[in-house]
Amino acid sequence: MHRILGKRVTRIVFLVSVGLFVTAVHSSVKGFRTPNLVTPGTLQAAASSRPFVIRHARIFDGKRVIAADSVFVQNAKIQSVGKRIKVPSGTEEIDATGDTLLPGLIDSHTHDWGDSPKQALLFGVTTELNMACIPKYVAKIKQAEAEGKALDAADVLSAGNVVTPPKGHGTEFGVPVPTLASSAEAQQFVDERIAEGSDYIKIIYEDGHVCHSPFSKFSREELAASVAAAHKRGKMAIVHISTQEDARDAIAAGADGIAHLFADSAPQSDFAELVRRHHAFVETTLTAIQSSFGTPSGASLSIDHRIAEFLSAGAESNLKALMPFKCSGELENALAAAKQLHDAGVPVLAGTDAPAPGSWNGASLHGELELLVRAGLSPLDALAATTSLPASTFICPTVAASRLASGPISCLSGVTRPMTLSPQGTSLPSGSSGLKLTG
Ligand SMILES: [Zn+2]
């Protein structure tokens with residue numbers, strides 16, 4: 001799964017593992033204003049199949065900063081992690097003093113087109129969990145990944161076409177999409193999505209009133225039938241919502257996760273406990289929520305020199321773009337929900353909804369992390385929300401046992417491909433079983 005390269009990313013190093021991937025970035029975990037992605041010299045090491053060791057780094061393993069300060073890589077795999085680790089003579093030494101090594105970032109809610117997966121990687125996002133996309137586009141990306149030709153782009157897993165009723169959300173973009181007219185057809189509809197390549201099933205459950213754009217909405221029965229149809233095939237069911245009431249309905253219907261926090265009301269005191277009891281997760285999309293109140297979330301990112309350096313003209317203008325609608329509610333409600341859910345132990349996964357207006361793939365994840373910290377998460381917890389938490393939620397075998405017990409959830413193999421470090425476009429031979437961050 002990894003890759004890199006291209007002149008613009010010559011300062012990034014990616015070491016990958018089974019969903020665990022290490023990026024060399026400057027700086028502290030205090031701020032999320034982007035990666036000063038780099039360390040001179042690391043690329044050269046990564047660009048080679050020769051063994052190398054990174055020393056004197058602060059290492060965040062997806063959950064915490066560990067005591068080790070060195071990582072030894074050989075045969076494109078992390079062989080050991082520790083302090084003063086011994087390495088074979090001739091091993092290239094990389095001094096990462098002042099840098100932090102951390103897993104590759106996962107954006108748990110994106111949409112993609114064009115070269116957006118490439119752009120995501122520029123900002124350290126190595127996996128995008130796409131929550132609606134044209135299946136043929138995703139199929140092409142996956143084929144390129146399988147052939148080892150997508151070394152300069154983030155991995156993409158996707159819901160493909162969503163499950164939505166006629167005139168439901170998702171039908172308004174001018175692209176013909178299939179729609180589900182009744183519960184009786186739910187299984188066949190879901191089966192068709194799976195046949196198209198959907199890695200998980202995304203179900204739309206909203207009437208649009210919060211953002212003043214009316215849509216048809218499923219009944220509770222249709223929602224439950226769609227969730228059940230996904231579970232019957234071992235797929236996760238992720239339900240798009242925009243209100244607290246709809247979020248509660250989604251959880252009651254058995255959703256594995258809800259897409260978007262709600263901002264229409266402050267979270268009721270029992271909301272997080274409801275979600276926790278049902279072993280569900282949430283995808284935050286605070287970036288999009290902030291933008292939906294009339295302030296482009298990405299405007300400040302676009303003028304941060306650490307981000308601006310990597311932005312195309314299109315990316316810059318999209319970061320500054322306004323949503324075509326304005327919603328009712330308050331960002332503070334969504335921030336409060338994020339905090340309440342996090343405190344209750346619910347997996348709160350950082351997702352951006354990029355490239356919705358006001359955001360951009362990759363760049364906006366750094367803004368999303370800032371918003372999570374503003375919500376009250378610690379910086380390390382925010383980092384976990386974009387590394388270990390989505391990895392354990394979406395990647396087998398670490399799917400929470402309780403969730404496996406409550407329904408047949410499939411493993412997503414797409415993000416467990418063996419690592420390839422890719423120098424100058426040439427990937428190292430893929431190993432057999434991926435990498436483990438050990439030690
Ligand atoms: Zn979305």
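Summary of values
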{"quantity": "P(r), alpha carbons of the stretch 85-153 - 5 Å bins starting at zero, rounded %", "calculated": "3, 13, 19, 20, 12, 9, 10, 7, 5, 1"}
{"quantity": "Relative contact order of the stretch 251-291, pairs being alpha-carbon contacts under 8 Å that are 6 or more residues apart, as %", "calculated": "55 percent"}
{"quantity": "Peptide ranges 315-328, 286-299 listed from the most packed, as the mean C-beta count within 10 angstrom indicates", "calculated": "286-299, 315-328"}
{"quantity": "Alpha carbon Rg of the stretch 160-254, scaled by the compact-globule rule 2.2 N^0.38 Å", "calculated": "0.99"}
{"quantity": "Rg to Rh quotient for the stretch 239-361, alpha carbon positions, Kirkwood Rh", "calculated": "1.03"}
{"quantity": "The stretch 321-368 versus the stretch 144-223: alpha-carbon centroid distance in Å", "calculated": "20 Å"}
{"quantity": "Computed label-point distance, nm, for sites residue 213 and residue 330 using a 7 Å Cα→Cβ extension", "calculated": "2.5 nm"}
{"quantity": "Whole-number D in µm² s⁻¹ for the stretch 105-411, Kirkwood Cα-pair radius fed into Stokes-Einstein, 25 °C, 0.890 mPa s", "calculated": "129 µm²/s"}
{"quantity": "For a label point 7 Å along the Cα-to-beta-carbon line of residue 177, residues of the stretch 212-232 with backbone N under 12 Å", "calculated": "216"}
{"quantity": "Percent of Cα pairs exceeding the 13 Å cut-off, where the set is the stretch 329-379", "calculated": "59 percent"}
{"quantity": "Inter-label distance, nm, simple model (7 Å from Cα along the C-beta direction), residue 309/residue 147", "calculated": "3.3 nm"}
{"quantity": "Above-threshold pairs, the threshold being 28 Å between Cα atoms, out of 86/118; 77/202; 136/202; 136/217; 77/320", "calculated": "86/118; 77/202; 77/320"}
{"quantity": "Assigned charges on the beta-carbon of Lys, Arg, Asp, Glu; the stretch 265-378 dipole about Cα centre (debye)", "calculated": "60 debye"}
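Values quoted throughout were computed directly from the atomic coordinates according to the rules given, and no laboratory measurement underlies them. Since the structure is predicted, the reported quantities are computational estimates derived from the model, not experimental observations. When we count neighbours, we look across all protein chains shown, and the Cβ atoms used for this are built from the backbone with ideal geometry, even at glycine.
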